[in-house]
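J.: The structure follows.
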Amino acid sequence: MAEHTVSPSKLEQSISQLRCIGCATIRESPGRNFRCPACGDLLEIIYPGWRAEQGIQAARLEASALKTLWRQRRTSQLAMDQSGVWRFREVLPSLGEEHAAITLREGNAPLYELPSCARLAGMQQLYAKHQGMNPTGSFKDTGMTVAASFARQEGFRWVACASTGNTSASMAAYAARGGMRSLVLVPEGQIAWGKLSQALDYGAVTCQLKTDFDGCMRVLNQVVQRMPVYVLNSVNPYRLEGQKTAAIELLEQFDWHVTDHVIVPGGNLGNSSALGKAFLEMKELGLISTLPKISIIQAEGANALVRTIRETGGKKLIPVEAHTMATAIRIGNPASWKKAVRVLEATSGTVEQVSEVEIALAKAEIGADGIGCEPASAVTLAGLKKLVKQGFVKSRDSVVLILTGHLLKDPEFTLKFHRGDLFAGTRHEKEAGILSAQQRAPIVLDANVDPVLKVLEQAEKEGIR
Ligand code: F0G
């Protein structure tokens, strides 16, 4: 066997190519908008070396070497090794030089157990991988470190994105670290304050456009035709390469056992596509032998993928006019829908939609497990409850929820929830009655010990945590 063993450096040198997901043409350059000039479909990154007869065999032989190498890097002092993304650089497009990476030591996001959420969902056990524990508080950092590094390597001075908030916060941070300027287009009045304030602090030129996310995307596409700016939305396939490492890290955290299910929120559908790509590649390389079912959950008011699957079998996108308080996923015309459909088909996953009240309830329940997340992330728990009821997920199955953003991204939502104001005056007001058990409004008191003790006694009696 020894003479067949290939050192990890062999994979490190594997060359990546850009390929159209529609007509499969190989493209030399991503162009301005990362779409195929012939058919208009998105591009993806492939590694042709892995497909060659020899390549697969070589990769299989060194699967265990890769696992060891990736684990060893966790104790290294090198920036590239401390990054939970570049630690997996053998399966990423290679930057010319190692120090070319712009890294904030992203990735390395914790895996938590959610015992009380498990009970509420009817599961024996439940896990959350909290991508909100990244440097700017969302999963976007794992993709941004890769795409921003390639932008700088290509010599761009400006990077730009349309965003519901997290992409802009992340892009602004990585651009600043990498010495580039950044242009942010966000829908006015539709993004959480935490995210907007991050973009400002990291020095982005921030434009609040009087439109929605899909309108911002449209304007961005026009900007890039006129100015040499590099797009850092998830249409950029380098973003997805970075984001896929969360799945590899997850496998590592489970000691390379594959869970039965992975449940992901769906907005523009880049993240679900990226995670699915990773699992498929890990299988192709022989690091795992089965796949988890990847299921995608959307808000009822922003359910383009759910409708696309249910009404056309995934053949034709049904765009919607998006409305949801989970502003991160308020997207009606998801760019990566074809990639996501492919992942659903390849992993036998499903789609589900959840209501505004279900999202708010699930968010508070995740908070009560001491974890917390932003509203868009909570669709995963709300969706899981439905999938358990439908029998798609069995109570003994192993399930991981991908929590995509940090609780502090959107404090306004949380405060309104606990004060009981979130649904006041909306058509959800009646349904929201079920939330009262989760609501813990701050209590205003005189600055004396007695009223505080009284509140404490009352809470003890009621068993409120
Ligand atoms: N969760 C959070 C917290 C997000 O910010 C997003 C997307 C998603 C889930 C959905 O991920 O788009 O890959 O399907 N936010 C983008 C943004 C669109 O601009 O920050 P997706």
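J.: Quick one: helix 449-462 against the long Cα principal axis of the chain, what's the angle to the nearest 10°, folded into 0 to 90?
T.: So the helix axis and the longest Cα principal axis differ by about 70 degrees.
J.: Another one. Please give every one of the lysines within straight-line cross-link reach of Lys416, meaning a C-alpha to C-alpha distance under 22 Å, and leave out same-chain neighbours fewer than 8 residues apart.
T.: Output for Lys416: Lys195, Lys363, Lys430.
J.: For the chain, take the longest principal axis of its alpha carbons; what is the angle in degrees between that and the long axis of helix 166-177, to the nearest 10 within 0 to 90?
T.: Its long axis makes an angle of about 60 degrees.
J.: Can you list the aspartates and glutamates whose alpha carbon sits under 19 Å from that of Lys454, skipping same-chain ones fewer than 8 residues off?
T.: Asp446, Glu462
J.: For Asp369, Asp446, Asp141, give the ranking by accessible area with the largest first, probe 1.4 Å.
T.: The residues order as Asp446, Asp369, Asp141, largest area first.
J.: Quick one: give the max-minus-min coordinate of the C-alpha atoms of region 83-239 along each principal axis, largest first, in Å.
T.: For region 83-239, the Cα extents along the three principal axes come out at 55, 41, 25 Å.
J.: Sort out for me the Cα centre separation of region 400-415 from region 229-284, rounded to whole Å.
T.: Centre-to-centre distance over Cα atoms comes out at 20 Å.
J.: Right, here's the next one. Enumerate the whole-percent occupancy of each 20 Å bin, from 0 to the last occupied one, for all C-alpha pair distances of the chain.
T.: That works out to 25, 57, 17, 2, in percent per bin.
J.: Counting alpha carbon pairs within less than 8 Å and at least 6 residues apart, what relative contact order, in whole percent, applies to the chain?
T.: 15 percent
J.: Mind checking which aspartates and glutamates have their Cα closer than 17 Å to the Cα of Lys244? Skip sequence neighbours fewer than 8 apart in that chain.
T.: Cα-Cα hits under 17 Å: Glu12, Glu44, Asp81, Glu90, Glu106, Asp141, Glu252, Glu281, Glu284.
J.: Let me ask something else. Summing +1 for each Lys or Arg and -1 for each Asp or Glu, what net charge is found among the other residues whose Cβ lies under 15 Å from the Cβ of Arg239?
T.: Neighbourhood net charge equals +1.
J.: Let me ask something additional. Give me the accessible area per residue for region 245-306, probe 1.4 Å, as a whole number in Å².
T.: 22 Å²
J.: Now for a separate question. Thr25 accessible area, nearest 10 Å², 1.4 Å probe?
T.: Number for this one is 50 Å².
J.: Return the subset of Lys283/Lys339; Lys129/Lys461; Lys129/Lys210 for which the Cα-Cα distance in this structure is over 25 Å, preserving the input order.
T.: Pairs exceeding 25 Å: Lys129/Lys461; Lys129/Lys210.
J.: Using a 7 Å offset from the Cα along the Cα-to-Cβ direction at both Asp201 and Arg419, what is the distance between the two label points in nm, to one decimal?
T.: Computed distance between label sites Asp201 and Arg419 equals 2.2 nm.
J.: Still on this structure: Counting Lys and Arg as +1 and Asp and Glu as -1, each charge on the Cβ, what is the dipole of the chain about the Cα centre in debye, to the nearest 20?
T.: 860 debye
J.: Another one. GluC sites (Glu not before Pro) within region 363-465: which are DSSP loop residues with at most 16 other Cβ atoms inside 10 Å?
T.: Those that pass, being in a loop and sparsely packed, are Glu429.
J.: Mind pulling the angle between the C-alpha long axis of helix 213-226 and the longest principal axis of the chain? Nearest 10 degrees, somewhere in 0 to 90.
T.: Roughly 30 degrees, rounded to the nearest 10.
J.: Using alpha carbon coordinates only, what is the Rg to Rh ratio of region 283-431, with Rh defined as the Kirkwood radius?
T.: 0.99
J.: Mind checking region 156-240 for trypsin sites (Lys or Arg not before Pro) that DSSP puts in a loop (not H, G, I, E or B) and that have at most 14 other Cβ atoms within 10 Å?
T.: Arg157, Lys210
J.: Under a plain spin-label model, where a point goes 7 Å from the Cα along Cα-to-Cβ, how far apart in nm are Ile443 and Lys315?
T.: So the two model labels end up 6.1 nm from each other.
J.: Give the residue list of trypsin sites (Lys or Arg not before Pro) in region 390-455 that are DSSP loop and have at most 15 other beta-carbon atoms within 10 angstrom.
T.: Lys394, Arg396, Arg427, Lys430, Arg440
J.: Also, I was wondering about something else. At R0 = 35 Å, how high is the FRET efficiency between Lys461 and Lys389 if r is their beta carbon distance? Nearest 0.05 is fine.
T.: According to the calculation, E is roughly 0.55.
J.: Okay, next question. Mind checking the alpha-carbon convex hull of region 24-164 and giving the volume per residue in Å³?
T.: In region 24-164, the Cα hull volume divided by residue count equals 204 Å³.
J.: Let me ask something else about it. Want the number for Gln125 to Lys430: 0.36 nm per residue separation, take away the alpha-carbon distance, what's left?
T.: Additional length available on full extension: 106.6 nm.
The values are calculated or read from the model by the stated rules, or taken from the named source; none is laboratory data. Just so we're clear, the structure is a prediction, and the values are computed from it rather than from any experiment. So basically every Cβ, Gly included, is an ideal-geometry build from the backbone, and we count neighbours across all protein chains shown. Accessible surface is based on the protein model in full, side chains and every heavy atom, while ligands, DNA and RNA are left aside. Shrake-Rupley method; radii C 1.70, N 1.55, O 1.52, S 1.80 Å.
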